[in-house]
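A.B. asks: Can you read through this structure? Questions will come right after.
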Amino acid sequence: MGTAAQTTERERGTPYEGPLLDVRDLHVEFVTRDGVARAVNGVNYSVSAGETLAVLGESGSGKSVTAQAIMGILDMPPARIPRGEIRFRGQDMLKMSKEERRRIRGGRIAMIFQDALSSLNPVLSVGFQLGEMFRAHRGVSRKEAKDKAVELMDRVRIPAAKDRVNDYPHQFSGGMRQRIMIAMALALEPDLIIADEPTTALDVTVQAQVMDLLAELQAEFHMGLILITHDLGVVADVADKIAVMYAGRIVETAPVHDLYARPAHPYTRGLLDSIPRLDQKGQELYAIKGLPPNLLRIPTGCAFNPRCPRAQDICRAQVPELFPVTEDDGTPLEGRGSACFFWKETLHDR
Amino acid sequence: MTANGASALGAAMPEEVAFTQEVPRGEPILEIRDLVKYFPLTQGVLFRKQVGAVKAVDGVSFDLMQGETLGIVGESGCGKSTLAKVLMNLEQATGGSVRYKGEEISRLSGSALKAVRRNIQMVFQDPYTSLNPRMTVGDIIGEPFEIHPEVAPRGDRRKAVQDLLDVVGLNPEYINRYPHQFSGGQRQRIGIARGLALKPEIIICDEPVSALDVSVQAQVINLLEQLQGEFNLSYMFIAHDLSIVRHISDRVGVMYLGRMVEIGSDAEIYDHATHPYTQALLSAVPVPDPTARESRDRIVLTGDVPSPANPPSGCRFRTRCWKAQQRCEVEVPLLVAPSWLAGAASHDSACHFAAERESEQSAAERESEQSAAERENGQGGD
């Protein structure tokens with residue numbers, strides 16, 4: 001992380017060298033009746049064109065809130081962003097005017113939500129909703145917009161697109177609806193797609209179809225992809241690099257193979273160990289003890305310390321930064337970081 | 001038959017049926033035969049007429065053995081939750097029979113039904129909606145005692161509830177708290193405690209962990225396994241997460257569009273699946289191992305599950321099956337062990353062309369090797 005090249009302002013559409021998106025020290029809080037809920041506490045990550053970053057975390061880890069902050073779709077208030085930068089092609093989006101942001105949102109960065117049925121308007125035909133993208137951003141006529149909609153539906157392989165363009169969302173199956181969401185995200189050929197649990201609501205056989213489609217389109221258009229999920233299986237299938245979040249912080253970053261082979265944070269390790277394995281049948285599953293923390297009262301020090309088998313006094317007193325992870329002899333491991341004082345022990349434990 | 005049969009059976013049954021006789025381990029405790037549940041589709045407001053039916057469960061037969069865990073897997077809409085509701089008598093079966101310890105229970109009513117229900121309990125999927133937010137935990141877990149006061153006399157109830165809380169790993173002092181004060185995993189423990197209250201023999205778990213966080217799922221699975229040993233429970237475990245089902249189940253049944261397509265021991269299903277749908281389902285599961293990503297041989301099914309209101313003729317999977325032939329269109333495949341298979345592959349599978357995938361692969365490899373050799377030979381000849 002943070003390998004951002006010196007960023008200069010560039011014109012839209014020209015090739016850009018550094019990371020597409022660079023999130024730096026992002027904080028997001030929600031003001032509630034019971035106090036301030038610190039949902040995101042200093043998140044750093046970056047995505048380049050053609051790269052897939054998976055953000056892995058449980059509910060309440062802040063993975064979706066970070067995405068919503070990037071898209072600029074947080075309700076403020078109650079949310080507020082006290083600190084941080086969200087640089088898209090080098091420009092801090094948090095400092096942009098509403099109008100500038102609106103042009104980036106949808107056009108340059110698009111988002112796919114988990115629940116396609118509630119993200120689509122039930123009283124408008126899918127063709128109209130797909131065409132709306134072109135009418136709003138490109139100012140084309142209704143007729144042209146509909147043609148574009150058919151083209152998009154073809155591209156995401158919805159059978160008989162021409163006949164179905166005037167159908168309403170409820171007439172499509174769950175997998176088809178998620179395809180429509182993908183079509184909508186692709187409409188303006190964005191540089192970056194943020195997919196928030198895109199296949200969680202789908203059946204496994206349909207999940208495979210949708211993930212394949214997404215990966216294929218990403219390669220075709222050389223887009224950046226941020227995949228937000230809690231599913232370790234989906235991550236292993238498509239991600240290039242992974243950021244694991246816990247209680248609003250990134251606790252571990254690693255290229256996908258390294259993370260599964262040698263986790264360097266006890267939380268990641270616990271997640272991997274709690275997957276049922278063949279050779280453990282009939283035995284007790286490893287379970288991380290305790291519960292995810294309440295964001296109103298995040299434990300002092302490392303937020304994971306009450307659940308951690310390695311916790312020492314230092315973990316309760318001090319918040320660990322994201323330490324670079326190295327081999328024993330000090331050889332740096334590319335792209336790896338762990339927010340654990342005992343990353344070395346965790347890394348070599350396996 | 002339904003209304004008359006129900007009352008006749010109800011009357012025939014003595015009031016105080018308690019189903020106390022013990023079923024030895026490994027013997028069937030629940031026998032399901034040709035179970036059918038149709039939901040009528042009606043048209044018109046004033047003159048309602050039936051225009052069809054959603055065939056949610058359409059001829060399912062299997063046994064649940066004493067002390068075992070039977071996993072039921074399948075995609076949404078395959079009828080697995082309807083099956084659970086029919087077994088619980090929350091929905092009246094359209095046809096077929098459910099026998100509990102040899103007694104027909106699918107058409108019971110009144111006190112006989114009550115007696116059966118005491119022994120078959122359910123744990124629901126969503127711990128957020130299956131607990132009444134206005135009742136305390138003590139009231140929720142104690143409510144079954146209101147209906148079956150013989151299990152815990154009034155004076156002992158508070159103690160009984162506290163014991164149950166302790167059994168599922170919650171602090172007994174939480175008895176006066178409300179559901180919103182608990183996390184998802186804790187709520188599911190409350191749901192399990194309620195299911196255990198009447199000391200049932202069978203617990204039907206309908207997606208008990210799918211609403212929970214990954215780190216909490218393992219805790220609940222461990223709890224369920226521990227309780228099974230402690231109370232000698234038989235589980236029917238309905239889920240779509242195939243790796244969890246494999247971990248907890250002794251036997252696994254695979255459903256597709258209202259029918260059981262394959263059933264067998266966990267190894268038979270996971271390592272020696274012979275039904276094409278089971279093979280596709282297993283191959284589609286994302287494996288948490290990035291090294292397997294390139295070597296995976298995934299069967300990506302085309303299309304969607306057909307509507308259960310108008311299922312395909314013959315084999316229901318044929319519209320998405322790569323093996324489908326003329327025969328599949330006209331002849332419904334029976335759920336029997338295919339005579340042409342041996343060893344672990346020889347378990348109940350409803351496919352005319354049941355075969356293990358490995359053998360097919362090796363057959364394909366052999367073929368390609370052969371053709372390569374032929375090509376070489378051909379070139380050599382030239």
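The values are calculated or read from the model by the stated rules, or taken from the named source; none is laboratory data. As the structure is a prediction and not an experimental result, all values here were calculated from the model. Methodologically, a virtual Cβ is constructed for each residue, glycine included, from the backbone with ideal geometry; neighbour enumeration extends over all protein chains shown.
A.B. asks: In region B:263-283, which residue that is of a type in the set (A, V, I, L, M, F, W, C) and crowded, with 21+ Cβ neighbours inside 10 Å is farthest from the other protein chains (Cβ to nearest Cβ)?
C.D. replies: Taking region B:263-283 and keeping what is of a type in the set (A, V, I, L, M, F, W, C), we get B:263, B:267, B:269, B:273, B:280-282.
After this cut, where a residue has to be crowded, with 21+ Cβ neighbours inside 10 Å as well, the list is B:263, B:269, B:273, B:280-281.
On the way: B:ILE263: 18, B:ILE269: 13, B:ALA273: 14, B:ALA280: 6, B:LEU281: 6 Å.
The selected residue is B:ILE263.
A.B. asks: Taking the residues in region A:259-281 that are assigned to a loop (DSSP other than H, G, I, E, B) and facing chain B (nearest Cβ under 9 Å) as candidates, determine which candidate is farthest from A:VAL319 (Cα to Cα).
C.D. replies: A:LYS281
A.B. asks: Answer yes if at least one residue in region A:162-169 is more than 26 Å from B:THR302 (Cα to Cα), out of contact with any His (no Cβ under 7 Å at 6 or more places or on another chain) and away from chain B (no Cβ under 13 Å), and no otherwise. Give the steps one after another, and end with the answer.
C.D. replies: Start the filter on region A:162-169 by keeping residues that are more than 26 Å from B:THR302 (Cα to Cα), which leaves none.
Scanning region A:162-169 turns up no residue that is more than 26 Å from B:THR302 (Cα to Cα), out of contact with any His (no Cβ under 7 Å at 6 or more places or on another chain) and away from chain B (no Cβ under 13 Å).
Yes/no matrix, rows are residues, columns are (1) closer than 30 Å to A:ASP212 by Cα; (2) not polar (S, T, N, Q):
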| site | (1), (2) |
| --- | --- |
| B:GLU201 | no, yes |
| B:ALA211 | yes, yes |
| B:GLU225 | no, yes |
| B:PHE231 | no, yes |
| B:SER234 | no, no |
| B:ILE244 | yes, yes |
| B:GLU268 | yes, yes |
| B:PRO288 | yes, yes |
| B:ARG293 | yes, yes |
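A.B. asks: Further, regarding this structure: Condition first: within 13 Å of chain B (Cβ to nearest Cβ) and either in a strand (DSSP E or B) or of a type in the set (Lys, Arg) (or both). Now tell me which residues in region A:219-238 satisfy that.
C.D. replies: The first filter runs over region A:219-238 and keeps only residues within 13 Å of chain B (Cβ to nearest Cβ), leaving A:227, A:229-238.
Within region A:219-238, A:LEU227, A:THR229 meet the criteria.
A.B. asks: Suppose we keep only residues that are crowded, with 21+ Cβ neighbours inside 10 Å and more than 10 Å from chain B (Cβ to nearest Cβ) within region A:197-212. Which one would you say is farthest from B:ASP213 (Cα to Cα)?
C.D. replies: Result: A:VAL210.
A.B. asks: Right, next: Considering every residue within region B:170-180, establish whether at least one is surrounded by 15 or more Cβ atoms within 10 Å (Cβ to Cβ), touching an Asp or Glu at 6+ places or on another chain (Cβ under 8 Å), at pLDDT 85 or above and farther than 30 Å from B:LEU113 by Cα. Spell out how you get there, then give the answer.
C.D. replies: The first filter runs over region B:170-180 and keeps only residues surrounded by 15 or more Cβ atoms within 10 Å (Cβ to Cβ), leaving B:170, B:172, B:174-175, B:177-179.
Retained after the next criterion (residues that are touching an Asp or Glu at 6+ places or on another chain (Cβ under 8 Å)): B:172.
Okay, now just the ones that are also at pLDDT 85 or above, so B:172.
Filter once more, so that each one left must be farther than 30 Å from B:LEU113 by Cα: B:172.
Yes: one or more hits.
Matching residues to (1) closer than 24 Å to B:ASN232 by Cβ; (2) within 14 Å of another protein chain (Cβ to nearest Cβ):
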position	(1), (2)
B:CYS78	no, yes
B:TYR100	yes, no
B:GLN121	yes, no
B:SER130	no, no
B:MET135	no, no
B:GLU146	no, no
B:LEU164	yes, no
B:ASN171	no, yes
B:GLN181	no, yes
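A.B. asks: Scan region A:158-172 for residues that are in contact with a Lys or Arg (Cβ under 7 Å, 6 or more places away or on another chain) and at pLDDT below 85 and jot them down.
C.D. replies: A:ILE158
A.B. asks: Can we say A:THR229 is polar (S, T, N, Q), buried (at least 21 other Cβ atoms within 10 Å of the Cβ) and modelled with pLDDT of 85 or more? Outline the logic, then answer.
C.D. replies: Details: polar (S, T, N, Q): yes; buried (at least 21 other Cβ atoms within 10 Å of the Cβ): yes; modelled with pLDDT of 85 or more: yes.
Considered against the rule, which asks whether it is polar (S, T, N, Q), buried (at least 21 other Cβ atoms within 10 Å of the Cβ) and modelled with pLDDT of 85 or more, A:THR229 comes out as yes.
A.B. asks: I'm told B:GLY378 meets every condition in (1) assigned to a helix (DSSP H, G or I); (2) at pLDDT 90 or above except one. Can you identify the failing condition by its number?
C.D. replies: Going through (1) assigned to a helix (DSSP H, G or I); (2) at pLDDT 90 or above one by one, B:GLY378 breaks only (2).
A.B. asks: Scan B:ASP297, B:ASP250 and give me the residue that is more than 9 Å from every other protein chain (Cβ to nearest Cβ) and under 20 Å from A:VAL210 (Cβ atoms).
C.D. replies: Details: B:ASP250 fails: under 20 Å from A:VAL210 (Cβ atoms).
Residue meeting the stated conditions: B:ASP297.
A.B. asks: Turning to a different aspect of this structure: Is there a residue being in a strand (DSSP E or B), touching a Lys or Arg at 6+ places or on another chain (Cβ under 8 Å), of a type in the set (A, V, I, L, M, F, W, C) and farther than 24 Å from B:HIS240 by Cβ anywhere in region A:188-202?
C.D. replies: yes
A.B. asks: Which residues, counting only those in region B:222-243, are surrounded by 24 or more Cβ atoms within 10 Å (Cβ to Cβ) and either among the hydrophobic types (A, V, I, L, M, F, W, C) or modelled with pLDDT under 90 (or both)?
C.D. replies: If the condition is that a residue be surrounded by 24 or more Cβ atoms within 10 Å (Cβ to Cβ) and either among the hydrophobic types (A, V, I, L, M, F, W, C) or modelled with pLDDT under 90 (or both), then B:MET236, B:PHE237, B:ILE238 are the ones that fit.
A.B. asks: Check B:PRO288 against each of (1) over 17 Å from B:ILE72 (Cβ atoms); (2) within 19 Å of the chain's Cα centre (by Cα) and name the one condition it does not meet.
C.D. replies: Result: B:PRO288 fails condition (2) only.
For every residue, the table says whether it meets (1) in contact (Cβ under 8 Å) with a residue 60 or more places away in the chain; (2) surrounded by fewer than 20 Cβ atoms within 10 Å (Cβ to Cβ); (3) closer than 22 Å to A:HIS230 by Cα; (4) in contact with a Gly (Cβ under 9 Å, 6 or more places away or on another chain).
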{"position": "A:ILE70", "(1), (2), (3), (4)": "yes, no, yes, no"}
{"position": "A:PRO77", "(1), (2), (3), (4)": "no, yes, no, no"}
{"position": "A:ARG83", "(1), (2), (3), (4)": "no, yes, no, yes"}
{"position": "A:MET93", "(1), (2), (3), (4)": "no, no, no, yes"}
{"position": "A:LYS98", "(1), (2), (3), (4)": "no, yes, no, yes"}
{"position": "A:ARG105", "(1), (2), (3), (4)": "no, yes, no, yes"}
{"position": "A:ALA110", "(1), (2), (3), (4)": "yes, no, yes, no"}
{"position": "A:GLN114", "(1), (2), (3), (4)": "yes, yes, yes, no"}
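A.B. asks: May I ask you to list the residues in region A:239-258 that are in a helix (DSSP H, G or I) and more than 8 Å from every other protein chain (Cβ to nearest Cβ)? Steps first, please.
C.D. replies: First, pick out the residues of region A:239-258 that are in a helix (DSSP H, G or I): A:256-258.
A:ASP258, the sole residue that qualifies.
A.B. asks: How do the pairs read when you match residues in region B:321-346 that are surrounded by fewer than 15 Cβ atoms within 10 Å (Cβ to Cβ) with residues anywhere that are aromatic (Phe, Trp, Tyr) and assigned to a loop (DSSP other than H, G, I, E, B), using Cβ under 8 Å and keeping only pairs 6 or more apart or on different chains?
C.D. replies: B:GLN325/B:PHE353
A.B. asks: Pairs, please: C-beta under 7 Å, at least 6 apart or cross-chain, first residue within 11 Å of chain A (Cβ to nearest Cβ) and touching a residue at least 60 places away in the same chain (Cβ under 8 Å) and in region B:222-240, second surrounded by fewer than 18 Cβ atoms within 10 Å (Cβ to Cβ) and among the small types (Gly, Ala, Ser)?
C.D. replies: B:HIS240/B:SER210
A.B. asks: Exactly one condition in (1) more than 20 Å from the chain's Cα centre (by Cα); (2) surrounded by fewer than 23 Cβ atoms within 10 Å (Cβ to Cβ); (3) in contact (Cβ under 8 Å) with a residue 12 or more places away in the chain is false for B:ALA193; which is it?
C.D. replies: Unmet condition: (2).
A.B. asks: Identify all residues within region A:296-329 that are within 14 Å of another protein chain (Cβ to nearest Cβ), out of contact with any Asp or Glu (no Cβ under 9 Å at 6 or more places or on another chain) and assigned to a loop (DSSP other than H, G, I, E, B); write none if there are none.
C.D. replies: Applying the first criterion (within 14 Å of another protein chain (Cβ to nearest Cβ)) to region A:296-329 yields A:296-297, A:303-304, A:306-309.
Cutting the leftovers down to out of contact with any Asp or Glu (no Cβ under 9 Å at 6 or more places or on another chain) gives us A:297, A:303-304, A:306-309.
Across region A:296-329, the qualifying residues are A:ARG297, A:ALA303, A:PHE304, A:CYS308, A:PRO309.
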